[in-house]
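Below you'll find the structure, written out as C-alpha cells, and then a few comments.
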Amino acid sequence: MRIILLGPPGSGKGTQAQRLVQRYGIVQLSTGEMLRAAVAAGTPVGLRAKDIMAGGGLVPDEVVVGVIADRIELPDAKKGFILDGFPRTVPQAEALDNLLKHKHLKLDAVIELRVNESALLQRVETRVAEMRSRGEEVRVDDTPEVLTKRLAAYRSLTEPLIHYYSERRKLLTVDGMMTIEQVTREIARILAAIEAADAKAAEKRASARPAAKGTVRKPARKAAKSSPVGRASAKKASKAARKATKRPSKGAKKTVKKGGPKAARKSAKRVTKRRRKA
Ligand code: ADP
C-alpha cells in the first residue's frame with residue numbers, strides 16, 4: 001500500500017499514520033519528523049530547514065523532494081509507505097508522480113482528513129499540553145502565532161492538492177471531525193474497498209489471459225512434446241501470446257482499476273455525507 005495523508009496541521013495525520021503502520025506493517029514517512037531530526041542532528045538539510053520551520057513556512061521543494069526520494073529507496077519502504085506531510089505543494093506532488101512512475105510504483109490512495117479550522121488551534125493546544133505532561137520537548141512551531149502561519153501556508157500551497165488528486169481520481173475524503181477511532185475505521189474501510197477492487201482487477205486479468213493465449217498456444221504445446229527444438233519454439237510462441245494479449249489485458253486493468261477506487265470514493269463520500277447530516 002502506498003498512501004498519502006492530506007490535511008492541515010492538527011487534522012490527525014500523524015495519529016492515523018501510526019495506526020496504519022500497525023495495521024499494514026508499512027512505514028510512515030513524515031517529512032516533518034525527518035526535517036526535525038535533520039535540524040536536531042545539524043545536517044546541511046537541517047541547517048537549511050531550521051529557521052523556515054520555526055517560522056511556520058515551507059522548506060524549499062527540492063530539499064524535501066530529495067529527502068523523500070532517498071527515503072523511499074530504503075528496503076523498509078519496499079512493502080509500501082504512508083506519506084504524512086508530503087507532498088505539500090503541487091510541484092512536490094508532480095515530483096512524487098515522477099519518482100513513482102520511474103520505479104513503476106502505484107499510488108493507492110490520497111486520504112484527505114477534512115476538519116473545521118476552528119477546531120485546529122484547540123487540538124494543537126491539547127497536543128502541546130499532552131507533550132508537556134509526558135515530559136517531551138514541545139515543537140517550536142506549536143504556538144498560536146506560528147500555527148496561524150502554518151495554516152495560511154496549508155491553505156495557499158497545500159490545499160490545491162485536493163483538486164490535483166481529485167482530478168487524478170485518487171482522492172478520498174474522510175470527516176476528520178469524528179473521533180480518532182471512527183476516523184481509523186473509516187480509513188480502514190476505504191482501504192479495504194481499494195484492496196478488494198485491486199484483487200478483483202487482478203482476478204479479471206488472470207482469467208482473461210488463458211482464453212486469449214489458447215489459440216496460439218495449442219499448436220505450440222503439441223510441438224513442445226515432440227522435440228527439444230519444439231520446446232524452444234513453444235516458449236517463443238507463448239511469449240508471443242503473452243505479447244499479443246498484453247494490450248487487451250492492460251485495457252481491462254484500466255477500466256477495473258478506475259471503477260475500483262472510484263467505487264470506494266463514492267461510498268466514502270456517502271458515509272461522510274451521512275455523518276455530516278447526523
Ligand atoms: P504539521 O503538523 O504542521 O503538519 P509537520 O510536522 O508535518 O507539521 O511539519 C512541520 C514543518 O516542517 C512544516 O511547517 C514545514 O516547515 C516543514 N515541512 C514538513 N513537510 C514539508 C514539506 N513536504 N514541504 C515543505 N516543508 C515541509
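The values are calculated or read from the model by the stated rules, or taken from the named source; none is laboratory data. Not measured: the values here are computed from a predicted model. Here Cβ is always computed from backbone atoms with ideal geometry, including for glycine, and neighbour counts include all displayed protein chains. All accessible areas refer to the heavy atoms of the entire protein, side chains included, with ligands and DNA or RNA removed. Shrake-Rupley method; radii C 1.70, N 1.55, O 1.52, S 1.80 Å.
Residue-by-condition table, conditions (1) at pLDDT 95 or above; (2) of a type in the set (S, T, N, Q); (3) touching a Phe, Trp or Tyr at 6+ places or on another chain (Cβ under 9 Å):
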position	(1), (2), (3)
162	yes, no, no
165	yes, no, no
195	no, no, no
200	no, no, no
214	no, no, no
226	no, yes, no
233	no, yes, no
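Would you check if residue 172 is within 16 Å of the ligand (Cβ to nearest atom), in contact with a Lys or Arg (Cβ under 6 Å, 6 or more places away or on another chain) and not in a helix (DSSP H, G or I)? In short, no.
Taken together, 155, 205 contain a single residue that is open to solvent by 50 Å² or more (accessible area, probe 1.4 Å), touching a Ser or Thr at 6+ places or on another chain (Cβ under 7 Å) and of a type in the set (Lys, Arg), which is 205. Of all residues in region 95-122, which are over 22 Å from residue 26 (Cα atoms), more than 10 Å from the ligand (Cβ to nearest atom) and buried (at least 18 other Cβ atoms within 10 Å of the Cβ)? Passing the criteria: only 115. Condition check for residue 163 on (1) assigned to a helix (DSSP H, G or I); (2) in contact (Cβ under 8 Å) with a residue 12 or more places away in the chain; (3) open to solvent by 60 Å² or more (accessible area, probe 1.4 Å): one failure, at (2).
Here is a yes/no grid of residues against (1) within 14 Å of the chain's Cα centre (by Cα); (2) more than 13 Å from the ligand (Cβ to nearest atom); (3) over 16 Å from residue 1 (Cα atoms); (4) open to solvent by less than 70 Å² (accessible area, probe 1.4 Å):
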| site | (1), (2), (3), (4) |
| --- | --- |
| 58 | no, no, yes, yes |
| 69 | no, no, yes, yes |
| 74 | no, yes, no, no |
| 78 | yes, yes, no, no |
| 82 | yes, no, no, yes |
| 85 | yes, no, yes, yes |
| 90 | no, no, yes, yes |
| 93 | yes, no, yes, yes |
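The residues of region 15-44 that are closer than 23 Å to residue 4 by Cα, within 15 Å of the ligand (Cβ to nearest atom) and open to solvent by 40 Å² or more (accessible area, probe 1.4 Å), listed by number, are 15, 18, 28, 33, 34, 36, 37.
Consider residue 96 carefully, then state whether it is hydrophobic (A, V, I, L, M, F, W, C) and either over 15 Å from residue 11 (Cβ atoms) or modelled with pLDDT under 95 (or both). Yes: the conditions hold for residue 96. Restricting region 45-56 to residues that are aliphatic (A, V, I, L, M) and near the ligand (Cβ under 10 Å from one of its atoms) leaves a set whose member that is surrounded by the most Cβ atoms within 10 Å (Cβ to Cβ) is 49. Among helices (runs of 4 or more DSSP H) entirely within region 71-159, having at least 3 residues that are under 21 Å from residue 190 (Cβ atoms) singles out 90-102.
A single entry from 111, 52 fulfils the requirement of being under 14 Å from the mean Cα position of the chain (by Cα) and of a type in the set (A, V, I, L, M, F, W, C): 111.
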